[in-house]
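This report refers to the structure that appears directly beneath it.
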Amino acid sequence: MNSTSAAPLAPPASAAGHLPADAVAARTRDLVKTYGRGDALVHALAGVDLEIERARLTAIMGPSGSGKSTLMHCLAGLDTPTSGDVSVAGIALGSLDDNALTRFRREHVGFVFQAFNLIPTLTARQNVLLPLELANREPDWRRFDQLVDVLGLADRLTHRPPELSGGQQQRVAIARALLSSPEVVFADEPTGNLDSRSSAEVLGFLRRSVDELGQTVVMVTHEPSAAAYADRVVLLRDGRLAGTLVRPSADDVVAAIAGLGG
Ligand SMILES: Nc1ncnc2c1ncn2[C@@H]1O[C@H](COP(=O)(O)OP(=O)(O)O)[C@@H](O)[C@H]1O
Ligand SMILES: [Mg+2]
């Protein structure tokens, strides 16, 4: 393969502690998550210090089993760390009880899944509005119009998911995740079920949501071409930070992953 010059590969230590406080949307400090015990003990995360930049697209990559999903679930308040700290929007998640954690997820984070997770019997518009409706909150209609515009959904709002392409469905799911202006949107393999054209479309819209709406997005992906849309790529190996790439090309990502050694 004809790999271009490597992107700046920062040492792991530089991933934390270098950003001014107001540039940080979320952070972890010595984050540890273990599963099982004794001989079966698994360190899914073995001490991760990470800062997620506000209004940036951060991609998380690494071999299967390296801790990507666990890291994202801990950042999103879906999973509880064994030790260490997570804070999002200045809120220390470890200080929240179950009710407060549920409220935190509803108010401060949005999710985009590989499988879209739309309600098939509701229209695109109803799907986008559903979370706020369930929370009994009035949508910001300016934001709604903005998202519909950026995501190119204006002529699709009355369609139901089965009448939409995969790429259109994922755009509806992105609008749903972004409507409440969450501090961070977490996307777990958002293009995993899409062909390359729809993937490029969805990644382009995630990029625009960062550039034009100031949204903070964290995306787990296996695909170097998807990671190349990110401002920063965080590499994990064996539950530890193995490096970060700044605005890498797809070739830079391929080279860095090869350097991780499977
Ligand atoms: N619920 C669980 N119970 C036991 N082990 C788990 C559980 N979830 C994840 N693990 C283990 O933790 C490690 C990291 O998993 P995960 O975060 O899913 O990695 P990735 O998303 O990078 O593939 C793996 O060794 C995995 O087997
Ligand atoms: Mg995973």
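Observations on the model:
- On the chain, 49 percent of the accessible area sits on carbon and sulfur atoms, based on a 1.4 Å probe.
- Rg ratio for region 160-244: its Cα radius of gyration over 2.2 N^0.38 Å, N being its residue count, equals 1.13.
- Gain in span if fully extended, A92 to L130, counting 0.36 nm per residue against the direct Cα distance: 10.9 nm
- In order along region 175-187, phi translates into HN-Hα couplings of 4, 4, 5, 8, 4, 7, 6, x, 4, 9, 9, 9, 10 Hz, rounded to whole numbers, per the Karplus curve 6.51 cos²θ - 1.76 cosθ + 1.60 with θ = phi - 60° and x for Gly and Pro.
- Each other residue within a Cβ distance under 12 Å of L178 adds +1 if Lys or Arg and -1 if Asp or Glu, for a net charge of +1.
- Summarising the amide proton neighbourhood of A25: residues at separation of 5 or more, or on other chains, whose placed amide H is nearer than 5 Å comprise I52, E53, R54.
- Rough spin-label spacing in nm, given labels placed 7 Å along Cα→Cβ, for E212 and V42: 4.1
- Per-residue 3J(HN,Hα) values for region 197-205, derived from phi via the Karplus relation 6.51 cos²θ - 1.76 cosθ + 1.60 with θ = phi - 60°, read 5, 5, 4, 4, 4, 5, 5, x, 6 Hz in sequence order (x marks Gly and Pro).
- Region 217-232 and region 101-180 have Cα centres spaced 22 Å apart.
- For region 20-174, dividing the convex hull volume of the Cα atoms by the residue count gives 154 Å³ per residue.
- Local electrostatic count, D231, Cβ distance below 12 Å [Lys/Arg +1, Asp/Glu -1]: +3
- Probe 1.4 Å, protein heavy atoms only - accessible area per residue of the chain in square angstrom: 46
- Computed from backbone phi with θ = phi - 60° and the Karplus coefficients 6.51, -1.76 and 1.60, the 3J(HN,Hα) list for region 214-229 is x, 6, 8, 10, 10, 10, 8, 8, 9, 9, x, 5, 6, 4, 5, 7 Hz; x is used for glycine and proline.
- Annotation: peptides 108-115, 158-165, ranked by per-residue average of other Cβ atoms within 10 Å with the highest first, follow the order 108-115, 158-165.
- Rounded to the nearest 0.05, the FRET efficiency derived from the C-beta distance between A23 and T121 at R0 = 45 Å is 0.60.
- Convex hull volume of the chain per residue (C-alpha atoms, cubic angstrom): 138
The values are calculated or read from the model by the stated rules, or taken from the named source; none is laboratory data. Bear in mind that the values here come from a model prediction, so they are computed numbers and not experimental data. Neighbour counts run over all protein chains shown; Cβ positions are idealised from the backbone, glycine included. These area figures cover heavy atoms from the full protein model, side chains too; ligands, DNA and RNA do not enter into them. Shrake-Rupley method; radii C 1.70, N 1.55, O 1.52, S 1.80 Å.
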